[in-house]
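Asker: My questions all concern the structure below.
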Amino acid sequence: MASYNYTAIDQTGRKSRGLIIADNELDLEARLKHMGLDLVDAKPVRERRASRFSAIRLRDLIVLCLHLEQLERAGVPLHDALADVRDASESMKLRDVLSGVYESVKNGNILSKAFAEHPRVFSHVFIGLVAAGEKTGNLADSFHHLAEHLKWMADIRRKLKKATTYPLVLLAVIAVVISVLMLFVVPKLIDFIMAQGFSLPWHTRALIAVSSAFEDYWYLILGAPAAFIMTLLFLYRTSDLFAYQIDWVLLRLPLIGPVLRKIDMARFTHFFAIMFNSGIDMLEALDAAKNVVSNRVLKDAITAVRINVTEGSTLAASLRVSNQFPNLVIRMFKVGEDSGNMTEALENVNFFYNREVADAVDAMLGAIQPILTVIMGILVFWVIAAVFGPLYESFSKIKF
């Protein structure tokens, strides 16, 4: 596939210029004929190939789903719709991928299988919803649900970024302040105090000890936490048992645990609603929704829910036994099952968790900010008291 800058004329003789991706000039001419244009001139455009390491933004996938939804509702043939969204894509990486999808569909594969050939770009969630649309014969609705799901995921990522960025920045600032004080400021002040022969209180001696430790072992003090965190991440990625234990601890941490639980529960209920409303049966929807949950403890709970449902228990009763969902959410599921209107119940659950996630993130940030501010204040007060305390005490003994 190559890009061509073309010049063409329509039936009235009016010139038209543009850029189209085509296999060759014959394919380009055929595409223009289909558009009611006659090719006059074409020049291939040398495009910089997308790096194999370049990422496709979530925004690009959202636009892809919106375009495919609209073209499907307009009755445009699938291979033509793929060609149109490929040509309109701003991402070179996505354009290359869509070229492969287009060729796969052109060769007779169904769309979900063509997407499945690019697992690094299209997740199992994406492929599963497209396959559901193919089964029900309503791809437009599937792309609509996908677009809404991706928008929701983008919003969750924004909330996660909001929840982690500010505390990490404050912790970095505190680390820098401590390092500068202990390595450069405090040693000079302590040298001055020692030279004057002042009597040193215990908090000043403690500051001297900490400052000396920083001067002698700064590489260990700063490097040990980083090495510890890297070791934890390595074990978390390589050992399922260790990762399970870490996930169990994270859920029980004050401030952080409730937020992580609500985010994962929001992911589960949101995706379960999309799968269920797309025509997927409850057991398949539970299987697929479990995969969007990151915490292993909650994954196991959802697996237990599926087993209970398979054995004949209702979904609401199974959720109650899992002891992971709040009673209000379980009640919504029960009302949906009893009334036969699960769609409305799932919408209520999504509304509940979307609000809960936003409130939980704001509450966590509201609690972390003063805690870190107090820590910074205590540190500064310690340095001031340790340095100026002996000076003040000595000056107070001077008789005029």
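The values are calculated or read from the model by the stated rules, or taken from the named source; none is laboratory data. Worth saying up front: this structure is predicted, and the values here are computed from it rather than measured. Cβ atoms come from the backbone with ideal geometry, glycine included; neighbour counts cover every protein chain shown.
Asker: Looking at (1) touching a residue at least 12 places away in the same chain (Cβ under 8 Å); (2) part of a helix (DSSP H, G or I); (3) more than 30 Å from Arg355 (Cβ to Cβ), can you tell me which one Val180 breaks?
Answerer: Looking at each condition in turn, Val180 falls short on (1).
Asker: For the stretch 317-347, what are the residues that are surrounded by 15 or more Cβ atoms within 10 Å (Cβ to Cβ), free of Cβ contacts under 8 Å to residues at least 40 places away in the same chain and touching a Gly at 6+ places or on another chain (Cβ under 8 Å)?
Answerer: The answer is Ala345, and nothing else.
Asker: Considering only residues that are surrounded by 13 or more Cβ atoms within 10 Å (Cβ to Cβ) and among the hydroxyl-bearing types (Ser, Thr, Tyr), look in the stretch 165-215 and name the one that is modelled with the lowest pLDDT.
Answerer: My answer is Tyr166.
Asker: Oh, and also: Which residue is surrounded by the most Cβ atoms within 10 Å (Cβ to Cβ), if the candidates are limited to the stretch 277-288 and must be part of a helix (DSSP H, G or I) and at pLDDT below 80?
Answerer: Ala288
Asker: Might you let me know whether the stretch 253-269 holds any residue that is surrounded by fewer than 22 Cβ atoms within 10 Å (Cβ to Cβ), more than 18 Å from Trp152 (Cβ to Cβ) and modelled with pLDDT under 80?
Answerer: yes
Asker: Residue check: is Asn295 closer than 22 Å to Ile263 by Cα and surrounded by fewer than 16 Cβ atoms within 10 Å (Cβ to Cβ)?
Answerer: Criteria not met by Asn295.
Asker: Please pick out the residue among Arg320, Arg267, Arg296 that is of a type in the set (Lys, Arg) and within 26 Å of Ile229 (Cα to Cα).
Answerer: Unique residue meeting the criteria: Arg296.
Asker: Within the stretch 109-117, is even one residue under 27 Å from Lys33 (Cβ atoms), in contact with a strand residue (DSSP E or B) (Cβ under 7 Å, 6 or more places away or on another chain) and not assigned by TED's automatic domain parsing to the domain that holds Asn291? Lay out the reasoning, then the answer.
Answerer: First pass over the stretch 109-117, keeping only residues under 27 Å from Lys33 (Cβ atoms): 109, 111, 114.
From the residues that got through so far, the ones that are in contact with a strand residue (DSSP E or B) (Cβ under 7 Å, 6 or more places away or on another chain) too are none.
Within the stretch 109-117 (the criterion being under 27 Å from Lys33 (Cβ atoms), in contact with a strand residue (DSSP E or B) (Cβ under 7 Å, 6 or more places away or on another chain) and not assigned by TED's automatic domain parsing to the domain that holds Asn291), the answer is no, since none of the residues qualifies.
Asker: Please find, among Val101, Val125, Val130, the residue that is farther than 27 Å from Asn354 by Cβ and among the β-branched types (Val, Ile, Thr).
Answerer: It is Val101.
Asker: All but one of (1) in a helix (DSSP H, G or I); (2) out of contact with any Leu (no Cβ under 9 Å at 6 or more places or on another chain); (3) exposed (fewer than 15 other Cβ atoms within 10 Å of the Cβ) hold for Leu160; state the number of the condition that does not hold.
Answerer: The single condition Leu160 does not satisfy is (3).
Asker: Taking only pairs six or more apart or across chains, which ones have beta-carbon atoms under 6 Å, a first residue in the stretch 136-153 that is touching a residue at least 12 places away in the same chain (Cβ under 8 Å) and in the same structural domain as Phe276 (by TED's automatic domain parsing), and a second residue that is buried (at least 16 other Cβ atoms within 10 Å of the Cβ) and assigned to a loop (DSSP other than H, G, I, E, B)?
Answerer: The qualifying pairs do not exist here.
Asker: Still on this structure, I have one more. Could you grab me the full set of residues in the stretch 325-372 that are hydroxyl-bearing (Ser, Thr, Tyr) and modelled with pLDDT under 80?
Answerer: Thr343, Tyr353
Asker: Restricting the stretch 38-54 to residues that are modelled with pLDDT of 80 or more and surrounded by 12 or more Cβ atoms within 10 Å (Cβ to Cβ), which is farthest from Asn5 (Cα to Cα)?
Answerer: Within the stretch 38-54, the match that is farthest from Asn5 (Cα to Cα) is Asp38.
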